[in-house]
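Read through the structure below, which is laid out as structure tokens, and then see the notes.
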Amino acid sequence: MQSLYARAWYSKALALLNLKNPIGSEKNFEKALEAFDALLEINPKDTVAWQYRGNILRYLDRPDEALEAFEKALAFDPENIPARYFKGLTLGYLNLPEKALEAFRGVIERDPENAGALYYSGLALNQLGRHTEAVSALSEALKINPDNPGAWYYRGVSLYILGKCMEALEAFEKTLALEPSHAGAWEGKAKAYLSLGRRREALRACEKAIELEPSSAGAWETQGKILKGIGRREEALGAFEKSLILEPMNAENRLEKGRLLGSLGRCGEALLEFESVLQIDSSLTEAKINKGKALLAIGNYQKALDSFSKTLKEGTENSESWGGMGSCLLALGKYYEAMKAYERALALGTENSCTLSGIGEIYYELGDLTRALEFFEQALSLDIENAFAWNGKGNALCKLGKYREALEAYENLLTLDYESLPARYNKGIVLSRLKARLKNSGESLENQFQTAFKKYLELSGKLSENKIGSEGWKCRGLAFAELGEYEEAIKAFDRAAEYSPEYITPAVYKGISLICLKRYEEALVLFEQAEEIFYTNMGAEGKGDPDEEKKAEESWMMNFAMNFAGKKPILEILRNAKGFALDALGRYKDAFEAFEDARKVSGNGKISFSGKGIVFAHCGKWKKAIEEFDSVLILDPENVPASVMKAFALIRLEEFGKAAEFLEKLTLKDCDSDLSLCLLGFAFSKQGDLEKALRAYRKAIEANPKNIHARNGLAEICFIIGNSTGALKELEASIAEAPDNAYSRSLKGRVELEEQECENALDSFRRALTLDTENQRLMLWDAYGRYIYAESFFDEDSARFRYALLTAAGKLEKATVCREAKDSELRAYALYFLGLFYCKVHYFRKASERLEECLKLENSRKVKQPAALLLKSIRAKKPKHAWWEWWFAPGARSFIKKTGFGIIVALIFSILLSHPAASTLPFISWPAAYISQIFYPAGENITSWALYGREYVISVLILSFLLVLPGLSSGSVENGEIEPETLTPPFPDFYIPVSVLEDFTERLEKSLFSTEPMRESIEKLGKF
């Protein structure tokens, strides 16, 4: 009776519990417990009562007491299956899976078909990590009860852990078929899909799990992993943050959050997360490693190095810590130690992309480009998204001269990171070098080159001041210099110097920019200051002390050899730049010394030898210049600029055969730049081989359509062979490219004269003279053009003809070509043309004087014959003079002639005015009266004229005849006018202009900028 009463209370409590009435249920369980306690006092060995008491205590959440009750029941009746079963449940509740499993196995031994025992034993096995056994147990349970969603769910969990994702997916599907709102099954399904790579389906399943159970930290964690896998890192970070709100002490999720922050570039926040993980679990090695990576990624290399070292000391050795140490040591410039660390990392673990990248960078810095390239490629084979390796590969290829492949590497990097500054900058460098190498690069490559540097400047300009830094401003300055924007480059170098006043490189590059702007004095002052800073930094007491300077240089060279192998020494750049500035200022001795000093500290001295060659060229010492260019070619036989300058020097020495032979060898080597071909054409033309010259000039124009010297040379040859149309076409192209080219315009004028386009020719000569006012040959051609124009368009007796020739003569008389010409042949030409012009306008005396002066000059063989013939013609044929010219011409008897002329004219007028009729005429009546008063005071003139009028008229006629007699006695030229021998002025020299030397100098000056490829930041090796 007592037993029935207790069971009634127990049943009522269960009913209330099922009705969601926990308070009523608890009260009834308490009453039931009192009843069973009373029963057990009566019969302590009642195993059923102990079993019920255990269950009541379990429901009242008193598991330890419940376990004692079950033990009592089993002690009295070991075959009590329910008691053993409930004991297993209680042990499971107490998180004692091993003991629970033992209890359930006891049940199964006694009742193999007990689905509950099989199910819970599967759960215990799952909890113990014995998933194969768990799957087996759960499968047996499902044979008995296939409608158990929990069994299907946990079977799926174990199968997923065993890697059997497809079977796990089927189990989760079975769970959901029985219980569609099972959040755990949706989460398990998401995990299975994720493992199968079906991320979109995984995401949908996970979203359903979160919808059903938003407070599931596991579901949020799974969603974070899925989103991370599909590249939605920001959303993944949000999912992990929600997971951590639910489980703030979950170290693994916090570690994952830190990794995500690091991959998003938020390395400072990542560092804080890793430190939080270590506060939760200070023994977590992975957190320590990632902390070091975060420090590395924010550029705190020393602290990162200390962190990695501490990790290795505290725990077992691991490859990631050694790799991190290697990257820190690499950033600190300790290459040997870095290499040792990387080798240790590789020895401890599998190959790591970042470690291999670091080794590649060490070889790159040490100048072993082939091995560097091998390691970068190995790194990329492991991680195709390794930005550091892509940049390193591009840099190595660029240094090896494989510009196309380097460009491809940088393009791949830009695919990964569109705003990569090193990729943008290095792409510009490669395009610049590729443009210089290719003969027909075209506008496309030029545009790409411009775009690359402009994009780099745009992106780097968006960075904050503290992120740009000294190195960033220096690179911006070099980018501006590459674009030819030297004023902007100077500003950038000034900013770089503000960050590192003791660092002379920005000052040196600023000086080179000033040289490019022709501000040589300012550049020289800057170089002197930079040199002072250099010696101060190296410990020299003063720049003026040679011993101190030598010690400083030796110290610097040793440091350079140890730490900066493969880079151009800044001291060499400084001294070479100083040499160019001094050379431009005409201080050739100082310039020579500067280049020699640069050579002493250089690796090979190519620029220094070239600089000395330029100094000798400016001094006109072409043989010594050739020796210097030969020194460059000994060091670098393939150096095309030095080869071209040697050929230029040979041409200046008029050794055209040697120059042509040397330049032809360059052509055979496929080193035929437009400049070398232009020089070759000139050498051939000077040798008289016009056909070869023509081919060379055309090739030069193909190589560089903007080469005006080649176009002028081609036009000259076309003109010589009579192809005036071809000549004009080339000259128009040359003038379009360089409107300020005087030679092109003068040659165009000559061609137009040949084509009888005299007005156009005069315009061409006028424009040429405007551009080159001191060119004496152009003055002669301008005068000659005026003469031909007058001959073509005016009658020789016309006033316009005389005016045109007298104007031309006047210009020549005033010009230095007649008065101060150093070239006697030019002066002879000028005097000849003056004689010709004066002869044409019948100024024979002046013509004779100029021709006589012309014949007295030496070195005028080409002019002497026509000048002598013209003078002989003037003298022999006695060309007709105007009668008044004879009377007034200057000479030995000019005074007597002028006096005689005056007396004769006075007598004629006196006789005529004495006539009686003269006093009656207007205007002359008063002089007639005056004359009559003098000679005939008594008025006898009327009588006298009446008696001697005929004699007076005869006297006037005789006196008049005497006046015009010189003109009549001069005679006239037989067969008309004197015809002078045809003679044209000497052609303006088509000599390869000094501008070629200036172009070469400018190229060398720009090469001093030393635009080395930009290294990717070592911070990128702190990859999470």
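The values are calculated or read from the model by the stated rules, or taken from the named source; none is laboratory data. Keep in mind that what you see is a predicted model, and the values were worked out from it rather than measured. So basically every Cβ, Gly included, is an ideal-geometry build from the backbone, and we count neighbours across all protein chains shown. Keep in mind that these areas ignore ligands, DNA and RNA; they rest on the heavy atoms of the full protein, side chains included. Shrake-Rupley method; radii C 1.70, N 1.55, O 1.52, S 1.80 Å.
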task = Out of 344, 404, 371, report the one residue that is open to solvent by 30 Å² or more (accessible area, probe 1.4 Å), farther than 26 Å from residue 325 by Cβ, assigned to a helix (DSSP H, G or I) and of a type in the set (Lys, Arg).
result = 404
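Which residue out of 762, 831, 805 is assigned to a helix (DSSP H, G or I) and closer than 28 Å to residue 740 by Cα?
Being assigned to a helix (DSSP H, G or I) and closer than 28 Å to residue 740 by Cα holds for just one of 762, 831, 805, which is 762.
What residue, among those in the range 374-396 that are touching a residue at least 12 places away in the same chain (Cβ under 8 Å) and in a loop (DSSP other than H, G, I, E, B), is most open to solvent (accessible area, probe 1.4 Å)?
Within the range 374-396, the first condition is being touching a residue at least 12 places away in the same chain (Cβ under 8 Å), and the residues that meet it are 374-380, 382-383, 385-396.
When the remaining residues are screened for being in a loop (DSSP other than H, G, I, E, B), the result is 383, 385-386.
Details: 383: 38, 385: 118, 386: 5 Å².
Filtering the range 374-396 for residues that are touching a residue at least 12 places away in the same chain (Cβ under 8 Å) and in a loop (DSSP other than H, G, I, E, B), the one most open to solvent (accessible area, probe 1.4 Å) comes out as 385.
In the same structural domain as residue 127 (by the TED database), among the basic types (Lys, Arg) and modelled with pLDDT of 75 or more: is that true of residue 84 in this structure?
no
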note = Within the range 457-496, the count of residues that are surrounded by 14 or more Cβ atoms within 10 Å (Cβ to Cβ), at pLDDT below 85 and charged (D, E, K, R) comes to 1
inquiry  = So, residue 643, is that one within 35 Å of the chain's Cα centre (by Cα), closer than 23 Å to residue 627 by Cβ, assigned by the TED database to the domain that holds residue 631 and in a helix (DSSP H, G or I) or not?
reply    = yes
Unique match (being within 54 Å of the chain's Cα centre (by Cα) and either among the polar types (S, T, N, Q) or buried (at least 23 other Cβ atoms within 10 Å of the Cβ) (or both)) among 240, 172 = 240
key: Criterion: out of contact with any Phe, Trp or Tyr (no Cβ under 7 Å at 6 or more places or on another chain), more than 25 Å from residue 870 (Cα to Cα), not small (Gly, Ala, Ser) and not in a helix (DSSP H, G or I) - qualifying residue of 752, 796, 774   = 774
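Restrict the check to the range 707-727 and report whether at least one residue is part of a loop (DSSP other than H, G, I, E, B), open to solvent by less than 20 Å² (accessible area, probe 1.4 Å), polar (S, T, N, Q) and outside the structural domain of residue 633 (by the TED database). Break it down into steps so the answer makes sense when it comes.
Taking the range 707-727 as the starting set, the residues that turn out to be part of a loop (DSSP other than H, G, I, E, B) are 707, 721-723.
From what's left, open to solvent by less than 20 Å² (accessible area, probe 1.4 Å): 707.
Narrowing the set further to residues that are polar (S, T, N, Q) leaves 707.
Narrowing the set further to residues that are outside the structural domain of residue 633 (by the TED database) leaves 707.
The answer is yes, given that some residue of the range 707-727 is part of a loop (DSSP other than H, G, I, E, B), open to solvent by less than 20 Å² (accessible area, probe 1.4 Å), polar (S, T, N, Q) and outside the structural domain of residue 633 (by the TED database).
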inquiry  = Residues that are modelled with pLDDT under 80 and farther than 23 Å from residue 787 by Cβ: list the helices (runs of 4 or more DSSP H) wholly contained in the range 840-899 that include at least 1 such residues.
reply    = 861-876, 883-888
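Do you know which of the residues in the range 730-745 that are acidic (Asp, Glu) and part of a helix (DSSP H, G or I) is least open to solvent (accessible area, probe 1.4 Å)?
Our first condition is that a residue be acidic (Asp, Glu); within the range 730-745, this holds for 730, 732, 737, 740.
If we keep only those that are part of a helix (DSSP H, G or I) as well, we get 730, 732, 737.
Working: 730: 27, 732: 105, 737: 87 Å².
Residue satisfying both the conditions and the ranking: 730.
So which residues in the range 216-237 are β-branched (Val, Ile, Thr) and under 13 Å from residue 197 (Cα atoms)? Spell out the reasoning first.
Applying the first criterion (β-branched (Val, Ile, Thr)) to the range 216-237 yields 222, 226, 230.
Of everything in the range 216-237, those that are β-branched (Val, Ile, Thr) and under 13 Å from residue 197 (Cα atoms) turn out to be 226, 230.
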inquiry  = Which count do you get for residues in the range 761-772 that are in contact (Cβ under 8 Å) with a residue 12 or more places away in the chain and open to solvent by 80 Å² or more (accessible area, probe 1.4 Å)?
reply    = 2
message = As an exercise: evaluate residue 502 against (1) over 21 Å from residue 571 (Cα atoms); (2) not in a helix (DSSP H, G or I) and give the number of the one condition it does not meet.
response = (1)
message = Tell me yes or no: at least one residue of the range 150-165 is open to solvent by less than 10 Å² (accessible area, probe 1.4 Å) and farther than 18 Å from residue 128 by Cβ.
response = no
Residue ID - nearest to residue 243 (Cα to Cα), chosen from residues in the range 175-208 that are basic (Lys, Arg) and crowded, with 21+ Cβ neighbours inside 10 Å = 191
Residue in the range 65-77 that is farther than 24 Å from residue 127 by Cα, outside any helix (DSSP H, G or I) and open to solvent by 10 Å² or more (accessible area, probe 1.4 Å) present = yes
note = In the range 591-610, residues that are in contact (Cβ under 8 Å) with a residue 40 or more places away in the chain and within 12 Å of residue 632 (Cβ to Cβ) total 2
